[in-house]
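Notes follow the structure.
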Amino acid sequence: MEANWEKELSCASQCKRCKTPLEEKERRILSVYDHQPICMQCKSEEEKRPNYDDASKQMIANCMKQTNKPYGDPASYCFHHFCPFKCN
């Protein structure tokens, strides 16, 4: 997913988890569990999972290792697991 994350995330037409259609201007975000684009409601539910903190930390470590960029870099694949994105 790293290679095409921007297209997959920005133009996702439905949430990969709940299958809710996503309009062009709706925000979507990558799941820390499977890196799939999800809606903000599913992200909210994801954050309630008991292992979310550990999964987030592991995703960040793996992502930084793969991309050689800090997770806070807006151009980084890692960043969009925590910062919502809209279709361009």
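Among the residues of segment 14-39, which ones are closer than 17 Å to residue 78 by Cα and not in a strand (DSSP E or B)?
27, 31, 32, 33, 34, 35, 36
I'm checking my understanding of the structure. Among residues of segment 31-56 that are surrounded by 18 or more Cβ atoms within 10 Å (Cβ to Cβ) and out of contact with any helix residue (DSSP H, G or I) (no Cβ under 8 Å at 6 or more places or on another chain), which one is farthest from residue 84 (Cα to Cα)?
Per the criteria, the residue is 42.
With respect to residue 18, determine if the residue is more than 15 Å from residue 87 (Cα to Cα), surrounded by fewer than 16 Cβ atoms within 10 Å (Cβ to Cβ) and either of a type in the set (D, E, K, R) or modelled with pLDDT of 85 or more (or both).
Here the answer is yes, as residue 18 does meet what is asked.
If you scan segment 7-61, which residues turn out to be among the acidic types (Asp, Glu) and in contact (Cβ under 8 Å) with a residue 60 or more places away in the chain?
The answer is 24, 26.
The values are calculated or read from the model by the stated rules, or taken from the named source; none is laboratory data. Just so it is clear, the model here is predicted, and its values are computed rather than measured. Don't worry about glycine lacking a Cβ; one is built from the backbone with ideal geometry, like all the others, and counts go over all protein chains shown.
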